[in-house]
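First up is the structure itself, then whatever we jot down about it.
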Amino acid sequence: MEEKLGYERLGAKRLRLVDCISQSVGFMGPVFSAAFLIPLIAGVSASGKGAGVATPLAVLLAAIGTFALGWIVAQYARRVHAAGSLYDYVSNGLGARAGAFAGWIYYGGTTVLASAIACLVGWYVHDVIFTVDPTVPGVVSASSPLPMWAWSLVFVAAVFLVQYLGVHISTRAQLTLALASAVVVLAFFVKVIVDAPQANLEPFKPSSAADGWSGIMFGVLYGVLIFVGFETAANLGEETAEPRRSIPRAVLFTVLIATVFYLIAAYAQIVGFGQDLSVITDPAVAAAPLFALGSPTSAGGYGSDFILKVLEVVVLLDILAVGLGAAVASARGIFALARDRRIPGGLATVAHRRGTPVAAIAFVEAVSLIMVAIAQFADTVFADASPSPHFFDMFLWLSTFGGFALMVVYGLLAFGSFWGLRQGANYAGVVIAAVIGVAISVAAVFGGIYKQPAPFDLVWGYVAAWAILGLIVAFVMKGRPQASRVLDELRSDEEAGINPAGVRAEGIG
């Protein structure tokens with residue numbers, strides 16, 4: 001009992017299924033992904049390969065691979081309800097040190113993603129919402145009253161405040177932002193499909209891909225990226241009223257909801273541009289296909305100046321949801337690692353009146369402040385990335401780093417499930433999901449390395465350096481038994497048939 005009292009705890013279990021779904025959907029940012037990332041799947045990448053007109057088919061295949069990973073997460077979530085989620089899950093399969101290593105990479109990646117959004121917000125508000133360029137119909141036809149760095153600081157401060165006030169406020173804010181943006185964009189995509197010159201089933205046929213199945217598989221590699229974050233509802237396990245029921249459902253429902261949304265988005269973009277690959281891959285269109293479709297009919301779009309402004313606003317709302325979701329997930333993962341003393345224990349400090357991991361929240365936002373400062377004062381770091389403002393270049397590089405790091409951990413999660421879930425009732429399903437999960441993760445990692453242009457060709461090296469540092473920390477910081485194995489309320493082992501003492505205590509072998 002004395003040992004149990006030494007573990008920090010988060011606030012009351014008050015979150016519901018809708019809150020958990022909001023966390024995963026908010027982090028994923030379906031509107032943002034649909035607005036900017038679909039061309040990657042089509043073939044607008046350094047490799048020059050993609051699914052082309054068959055992009056919707058590639059999205060569907062990527063969704064199947066993601067669902068396999070989601071199924072593994074759901075099985076673990078039925079058993080473990082701790083804030084560390086993937087850290088605890090990998091620990092179950094590969095041992096405590098391997099879990100700490102995976103947690104270091106994963107939550108380092110999500111923290112970097114949170115800082116990437118902080119940089120993006122500054123650029124987006126400054127250069128997209130406000131503009132004096134008559135050729136770019138911004139929401140407000142005036143110069144921004146604040147510099148980019150100031151908008152980023154406002155966002156960082158707001159994210160800290162919302163998180164500090166309580167996780168239920170964070171999830172409801174994500175729900176409001178993500179739902180409002182998704183409804184508007186979905187309605188617009190339906191309009192595009194109805195008005196498109198030819199809407200048929202060609203985009204779902206393998207023969208529609210210029211490079212056949214090879215192009216489709218490359219499309220799948222990039223397609224997995226748009227699902228990143230589907231699993232982050234699991235980080236809310238110990239703050240959820242019925243975690244054994246709500247978290248697995250939230251993870252799988254999120255994948256299904258996102259799949260429907262992305263299929264409509266991909267199909268609308270393909271048929272909206274007349275199934276013409278030369279138009280889809282045109283740099284002017286590929287940079288922001290949603291905005292190209294939303295432009296006035298006189299400019300070749302399906303909207304108007306007003307519709308374009310509305311789309312620009314709702315994309316901002318989704319960006320804000322992504323930033324908040326990334327920060328919430330990161331803070332809880334850092335808290336879990338610190339609580340188990342896998343990183344300095346001071347980061348596990350909780351604001352007891354509110355039950356929020358205040359030290360971890362402050363750490364995540366401090367990293368965002370550092371990245372914003374680099375974007376502002378070290379503007380040569382990514383000078384060769386593009387002619388875009390440095391804040392945008394920082395976002396591109398940081399988000400690439402974060403996404404790559406998460407893909408590595410997805411692979412460890414799937415691989416570890418061979419052992420971590422071997423005592424489950426449906427081990428055949430585990431094996432199938434694990435094989436698919438490992439394959440899709442390895443493929444996504446390959447896509448993050450193959451023919452990447454500078455400076456993104458160095459991302460994998462920086463992730464590898466971060467991983468080596470994490471390996472050192474995992475062996476130096478001995479830690480203590482995981483909270484998920486000590487605190488009864490953080491597991492359902494007696495129902496899952498798992499030994500509460502743990503499958504493996506230390507090591508990978």
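Only one of (i) 21.9, 72; (ii) 24.6, 78; (iii) 29.5, 94 was calculated from the structure for Rg and Dmax of the Cα atoms in Å, and its label is (i). Considering helices alone, the calculated mean residue ellipticity of the chain at 222 nm is -21000 deg cm²/dmol, with DSSP H runs of length four and up weighted by -39500 (n - 2.57) and normalised per residue. Reducing the range 446-470 and the range 475-490 to their Cα centroids gives an inter-centroid distance of 31 Å.
Given q = 0.15 Å⁻¹, what are the Debye log10 I(q)/I(0) values for the range 1-92, with equal point scatterers placed on the Cα positions and solvent ignored? Log10 I(q)/I(0), no solvent term: -0.83.
Take Val136 and Lys478, extend 7 Å from each Cα along the Cα→Cβ direction, and tell me the distance between the two endpoints in nm. Taking the simple label geometry, Val136 and Lys478 are separated by 5.7 nm.
Taking the fewest neighbouring Cβ atoms within 10 Å as the starting point, the ordered list for Phe391, Phe415 is Phe415, Phe391.
What the Cβ-Cβ distance of Arg245 and Val486 gives, at R0 = 30 Å and to the nearest 0.05, is a FRET efficiency of 0.85. For the chain, the longest principal axis of the Cα atoms and the long axis of helix 459-476 meet at an angle of about 10 degrees.
From the alpha carbon centroid of the range 278-309 to that of the range 93-152 is 23 Å.
Please label the shape of the range 24-174 as rounded, prolate or oblate, based on the square roots a ≥ b ≥ c of the eigenvalues of the alpha-carbon gyration tensor (a/c under 1.5 means rounded; beyond that, a/b larger than b/c means prolate, else oblate). Judged from the Cα gyration tensor, the range 24-174 comes out oblate (a/c at least 1.5, b/c at or above a/b).
Per-residue Cβ neighbour counts within 10 Å put Glu242, Glu365 in the sequence Glu242, Glu365, beginning with the fewest. Applying 0.36 nm per residue to the separation of Phe306 and Leu458 and subtracting their alpha-carbon distance, the gain on full extension is 50.7 nm.
Of all lysines in the structure, the ones whose alpha carbon falls short of 21 Å from that of Lys451, not counting any fewer than 8 places away in one chain, are Lys49. Gain on full extension, evaluated as 0.36 nm per residue between Ala439 and Ser143 minus their Cα-Cα distance, stands at 101.8 nm.
You can think of it this way: the chain between Ala284 and Leu469 has 62.5 nm of extra reach, that is 0.36 nm per residue less the Cα-Cα gap.
In the calculated pair distance distribution of the range 393-448, what percentage of Cα-Cα distances lie above 13 Å? Write out the running numbers ahead of the final one.
Numbers: 940 of 1540 pairs.
I get 61 percent for the Cα pairs in the range 393-448 exceeding 13 Å.
Every number in this text was worked out from the coordinates using simple rules, so none of it is lab data. Worth saying up front: this structure is predicted, and the values here are computed from it rather than measured. Don't worry about glycine lacking a Cβ; one is built from the backbone with ideal geometry, like all the others, and counts go over all protein chains shown.
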